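Trainee: Following this message is one structure expressed as structure tokens.
Just so you know, all these numbers are worked out from the coordinates, no wet-lab data involved. Here the structure is a predicted model, which is why all the values come from computation and not from measurement. Glycine also receives a Cβ, built like all others from the backbone with ideal geometry; neighbour counts cover every protein chain displayed.
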Amino acid sequence: MSQIQIEQGDWTSLQQAAMSIREQVFIQEQHIAAEDEWDAQDAVSIHFIVRDHGEAIATARLLTDNSIGRVAVLQRYRGQGIGRILMQHIIQYAQQEQRALLKLSAQVHAIAFYASLGFAVEGEEYLDCGIPHIDMQMSLQ
Ligand code: COA
């Protein structure tokens, strides 16, 4: 039986786990260049790590501008509701912080995933790191 826990914290405390997941998902699987993956936002974001029996299996970050980013679930754990649990945790966290809204830049394949959580598409598609993206937003008020 799975035993899911979610940790949140700064880059110093969660860097090791977040880097391992993002390295596997974005750099190895999606072929995003390392220089695009790691940026100055990590140091000022709140990071979230989902653990299953202690193993880090999913991550995301919440920026100071209310953007959620770098949402990643290890491949073998997808389709089991882990991404949904992680996003719902971040939404609840942002509500407790009395943030007015949440936004994100969604890879187009994941629009349905974010829409099912309450995010709505804003504007037109664009390319980021060669991957089609679209902005999505959700009001928390
Ligand atoms: N396309 C369409 N629907 C999707 C989807 C996708 N790529 N991924 C999940 N969903 C749907 C599921 O069917 C599910 O719907 P349901 O609750 O009605 O059954 C819902 O979204 C939640 O799915 P869940 O199992 O919680 O998602 P997940 O744990 O597989 O995580 C991602 C989803 C997108 C985070 C995961 O596929 C991933 O890490 N992908 C690689 C990295 C990536 O592309 N990240 C997004 C960057 S914007």
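Trainee: How far apart, in nm, are the 7 Å Cα→Cβ label points at Ala110 and His31?
Mentor: It is 1.9 nm.
Trainee: Show me, for region 103-112, the HN-Hα J-couplings you get by feeding each phi into the Karplus relation (A = 6.51, B = -1.76, C = 1.60, θ = phi - 60°), rounded to Hz, glycine and proline as x.
Mentor: 9, 7, 9, 8, 5, 4, 5, 9, 4, 5
Trainee: What residue among Ser67, Ser13, Ser105 shows peak mean-square fluctuation when the chain is described by a Gaussian network model with Cα springs under 10 Å?
Mentor: Looking only at Ser67, Ser13, Ser105, the largest GNM fluctuation is found for Ser13.
Trainee: Hey, got the dipole for region 45-102? About the Cα centre, +1 on K and R Cβ, -1 on D and E Cβ, debye to the nearest 20?
Mentor: Numbers: 7 positive and 4 negative charges, 34 e Å.
Result for region 45-102 is approximately 160 debye, rounded to the nearest 20.
Trainee: Round to a whole angstrom and tell me the spacing of the C-alpha centers of region 1-36 and region 43-120.
Mentor: 12 Å
Trainee: Then there is this: For the chain, state what percent of all Cα-Cα pairs lands in each successive 10 Å bin, counting from 0 Å until the bin that includes the largest distance.
Mentor: All Cα pairs considered, the percentages come to 11, 44, 39, 6, 0.
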